[in-house]
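The values are calculated or read from the model by the stated rules, or taken from the named source; none is laboratory data. These numbers come from a predicted model, not from an experiment. We place every Cβ from the backbone using ideal geometry, glycine too, and count neighbours over all the protein chains shown.
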Amino acid sequence: MKLGKLLPGGIRARLFVSHIGVGVVAIVSLLVAVRATAPSFFDHRIGNMGLMHGPNGMAVPASAAQLDAALARSLNEGFLIAVAVALPLSVIISVLVARQLSGSARSLASASRRIAAGDYAQRVPVGGPMEVQEVARSFNSMAGALEGAERRRIELIGDVAHELRTPLTVLQGYLEALADGVFQASDETWAKLTLETDRLGRLAEELQELSRAQAGQLAISLSPVSVGDAVRTAASRLERAFADKGLSLDVSTPPGLPNVLADSERLVQVLSSLLSNALRYTPEGKVGITARRLGDGVEISVRDSGIGIEAEHLPHVFERFYRVDRSRARSSGGTGVGLTIAGALVAAMGGSLRADSAGAGAGSTFTLVLPIAT
């Protein structure tokens, strides 16, 4: 059986028990050795002293000083034997405890070096004292997060390259055709060039906004904001897009809703992002946006009848560059940062944003809660 299974959980407890064990071993060894050896040494010396001869050749008893000296020598010899037994045992126990603790530390250090070198798949075994187990779990969690971030970083490079390649290819093709006289500079041609240029500009703005969100540099100006006005403004911006796709957009904001403490422009931006997300992932059916008072806040929900979100994806939908359906998002032009920006904006305004879904094909609901302006 390993020593780690014999000692209690924490490092403090283990060190305490190990030191107590060393002390107990030393004391027991000392007592046993002294009790086992000192009497025989003392009897031997007393016997030798009893045979001492005086001037007339007769045996004389030992003096008190001689008896004390004999006892002291016996105890010293017994103590030396006890030390010779206790010291190796104490060293062995200390080495075993230190080896176990240092082994965990070396494992963490080795895995840290490999992660620093770019091997994010490294994990450490969870074992040993409670504190070491906690550190190991935290380390593995950190390594998993780094591995996920690195994977999404690589995906981002491919996504950005794809998003840039498509409009740039279109622009290059049209410009070459115009230069060669294949196309005429018609209104349709200019509209196409403008569309692709806007697409590039939108991608640059989203990436810049994401950078600000991650750096905590989002500009927020809080004031009382009418929820109904913000909802209607966001809906009006996307009304034409919903109509073009054949989807119905239902808006329900009951009268008498209190104002919320928010940035009016940022709130409209968040609602527009949620509606755009619903539009993108709802092939057919309808999308609804509703608002209601909820305690000390106002809850705004965007519900769709789209493709839904499976349970394993729900905790990650607000992570940067995370997309539930990569192929569908790419074909629809999604960059995977809109929800991340929306979540950062809502947090900066003192609210919360969550996603709910019953699963694939069951639609999704994004719920925003903001505090009431007092």
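What to note about this one:
- Apart from one condition, Gln217 fits all of (1) surrounded by fewer than 12 Cβ atoms within 10 Å (Cβ to Cβ); (2) of a type outside the set (Asp, Glu); (3) touching a residue at least 12 places away in the same chain (Cβ under 8 Å); (4) over 20 Å from Ser305 (Cα atoms); the exception is (3).
- In the set (1) assigned to a loop (DSSP other than H, G, I, E, B); (2) touching a Ser or Thr at 6+ places or on another chain (Cβ under 7 Å); (3) at pLDDT 85 or above, Pro283 fails one condition alone, (2).
- Any hit, segment 73-87, residues being modelled with pLDDT under 75, under 30 Å from Gln208 (Cβ atoms) and not β-branched (Val, Ile, Thr): no
- Any hit, segment 150-164, residues being at pLDDT 85 or above and surrounded by fewer than 12 Cβ atoms within 10 Å (Cβ to Cβ): no
- Taken together, the residues in segment 108-131 that are outside any helix (DSSP H, G or I) and in contact with a Leu (Cβ under 9 Å, 6 or more places away or on another chain) amount to 4.
- The residues of segment 132-189 that are part of a helix (DSSP H, G or I) and of a type in the set (S, T, N, Q), listed by number, are Gln133, Ser138, Asn140, Ser141, Thr166, Thr169, Gln172, Thr189.
- Looking only at residues of segment 237-278 that are more than 19 Å from Ser226 (Cα to Cα) and within 32 Å of the chain's Cα centre (by Cα), we find that the one that is surrounded by the fewest Cβ atoms within 10 Å (Cβ to Cβ) is Ser276.
- Hey, Glu196 modelled with pLDDT of 80 or more and under 30 Å from Val317 (Cβ atoms) or not: yes
Matching residues to (1) among the aliphatic types (A, V, I, L, M); (2) over 17 Å from Gly343 (Cα atoms); (3) touching a strand residue (DSSP E or B) at 6+ places or on another chain (Cβ under 6 Å):
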position	(1), (2), (3)
Thr189	no, yes, no
Thr194	no, yes, no
Glu209	no, no, no
Ala213	yes, no, no
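- Subset of segment 113-148 that is at pLDDT 85 or above and of a type in the set (Ser, Thr, Tyr) - its residue that is farthest from Glu319 (Cα to Cα): Ser138
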